[in-house]
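A short write-up of the structure that comes next.
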Amino acid sequence: MSEQNSQGASASGSGLKPAMLPRHLVMMSLGSAIGAGLFVGSGAGIAAAGPAVLVSYAIAGLIVIAVMRMLGEMVAADPNPGAFSYYAGKALGPSTAFAVGWLWWITLCLVVAAEATAAAQILAGIVPLFPQWVYALVFMVIFTWINLWGVRKFGEFEFWFSFIKVAFVVLFLILGIAFLLGWTPADSPGLTHVTGDLMPHGISGIAAGLLVVVFAFGGIEIVAVAAAETAQPEKSIATATRTIVWRILLFYMGSVGIMVLALPWDDPALLQSPFVAVLNTAGLPLLGAILGFIIVAALLSSLNANVYGASRMFFSLAQRGMAPRATAKLDDRAVPAAGVWMSVAFGFIAVGLNYFWAEAVLGLLLNLVGSTLIVTWLSAIISHLILRTRAERSGQDLPLKMWLFPYLSWATLAALIAVIILGFTVPDVRSQLLATLGLYVALQVAGVIVTRRNRSLAGG
């Protein structure tokens, strides 16, 4: 254990210990994007594009695969809990690191509150023993405790939560194929639902679907944060990023493919709950009812991972002088306890909001989250382009490399910019992009002020 700890301290440069096992990181990478985006959001994508939503998923998936490979390259070379914020600092300066880090932290704090609220709302509907706010409070207490217990325990909990999600999606794929082959109680539709117009809304439908599905992949980037506390981070991150390719093909495109084959693309049931709709159509309503508990588990898994990610980002910001340095301390379990408490604070505030305005809280929180995922991905791509160029000029040997550099990196950047431009053509997305841009600019200005103050104090 002492040998592992010394390796982790030197690897991350943060003092955090590599208590998380490689299997924890790999399973986290498998489960990180399996949440409401897949269980609920996939129906919205189908409604926007019809069967051609598979093209939208393919485009978004290629962007995600490339971004994660770029992040993997930087993590393998220099693992740090600040991840993309830390790399943005190395490539673009401390003020950009400040803005990217705080923007991601704020987003995760809001997402934690939203996930606790959503899980409480669903569970209160399934098991109405307690009001929604009580369930939300219980979730916040349990997952705060898990994150304070130590990274090894967190990793084990997250491993099994992710396993539940992955196992259910695999079961859904098996049952979906069985239904299409006529092996379930209901009659198979065959190919009747895709023999007509595959692009009912044309190219604009694919574009609209792309805007829906690209945000469904949010959460994958948390693996880059966790690598700093994983044994053998170079090997573990390489394995985790490789799994992304088949995960997207199998879990997302496989599940959505079954949905568009099983039901007409414009069936209202797909928009409400696509997995339940398929299972009910296949004559398996009991499994559809159980899905509610699976979705709760998926949301709680994401909540758990996001508390972890937010606490490590806060800790990294504090270490770099971008948050109060007094909070850059580890307890006797090597946990940044101050970062954990800061990251769950708004979640506990949201419990009170659930008490007073149970029906309105979730919509409000989801609107506040905005499109900060785009900023994270943009910063990762630009940082990669700069740092990889520097590494090649200096002759540095990188343990993991981006494919087809620099052509694929530039192509990914162009594709992401195209998604942003497309987003400005849709009123709801445009308002979120503008809100995110405004917050980012304010944080960038704050970053300049903090950087100058730090330099002044250092010089003094």
Based on the mean of other beta carbon atoms within 10 Å per residue, what is the order of 81-91, 154-164, most packed first?
81-91, 154-164
Too long at a 22 Å Cα-Cα cut-off: which of 17/329; 17/235; 17/165; 90/401; 235/401?
17/165
Please compute the per residue accessible area over segment 8-126 with all protein chains in place, 1.4 Å probe, rounded to a whole number of Å².
21 Å²
In what sequence, highest mean first, do 101-107, 180-186 appear when ranked by Cβ atoms within 10 angstrom?
101-107, 180-186
Work out from phi, with θ = phi - 60° and the Karplus expression 6.51 cos²θ - 1.76 cosθ + 1.60, the ³J(HN,Hα) of each residue of segment 161-169, listed in order in whole Hz, and give x for Gly and Pro.
4, 5, 4, 4, 5, 4, 4, 5, 5
For segment 254-300, the per residue accessible area (1.4 Å probe, Å²) is 35 Å²
The chain, accessible surface, carbon-and-sulfur percent (1.4 angstrom probe)
70 percent
Residue by residue through segment 291-300, which ³J(HN,Hα) values in whole Hz follow from phi under the Karplus form 6.51 cos²θ - 1.76 cosθ + 1.60 (θ = phi - 60°), with glycine and proline marked x?
4, x, 5, 5, 5, 4, 4, 5, 5, 5
CD proxy, 222 nm, the chain: helix-only mean residue ellipticity via -39,500 (n - 2.57) per DSSP H run with n ≥ 4, per residue, nearest 500, stands at -25000 deg cm²/dmol
Ordered by packing density, taken as the mean number of other Cβ atoms within 10 Å over each peptide's residues, highest first, how do 429-437, 448-456 rank?
429-437, 448-456
If you average the alpha carbon positions of segment 194-246 and of segment 123-170, how far apart do those two centres end up, in angstrom?
23 Å
Roughly how big is the chain's charge dipole about its Cα centre, with Cβ charges of +1 (Lys, Arg) and -1 (Asp, Glu), in debye to the nearest 20?
1420 debye
Candidate aspartates and glutamates - alpha carbon under 17 Å from residue 153, same-chain residues fewer than 8 apart omitted:
229, 331, 332
Treat every Asp and Glu Cβ in segment 68-215 as -1 and every Lys and Arg Cβ as +1, leave all other atoms uncharged, and give the resulting dipole magnitude about the Cα centre to the nearest 20 debye.
300 debye
Placing +1 on the Cβ of each Lys and Arg and -1 on the Cβ of each Asp and Glu in the chain, which of 450, 149, 75 has its Cα farthest towards the positive end of the resulting dipole?
450
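The values are calculated or read from the model by the stated rules, or taken from the named source; none is laboratory data. From a predicted model like this one, the values you see are computed outputs, not experimental measurements. All Cβ positions, glycine included, derive from the backbone under ideal geometry; neighbour counts span all protein chains shown. For accessibility, only protein heavy atoms count, side chains too; no ligands or nucleic acids. Shrake-Rupley method; radii C 1.70, N 1.55, O 1.52, S 1.80 Å.
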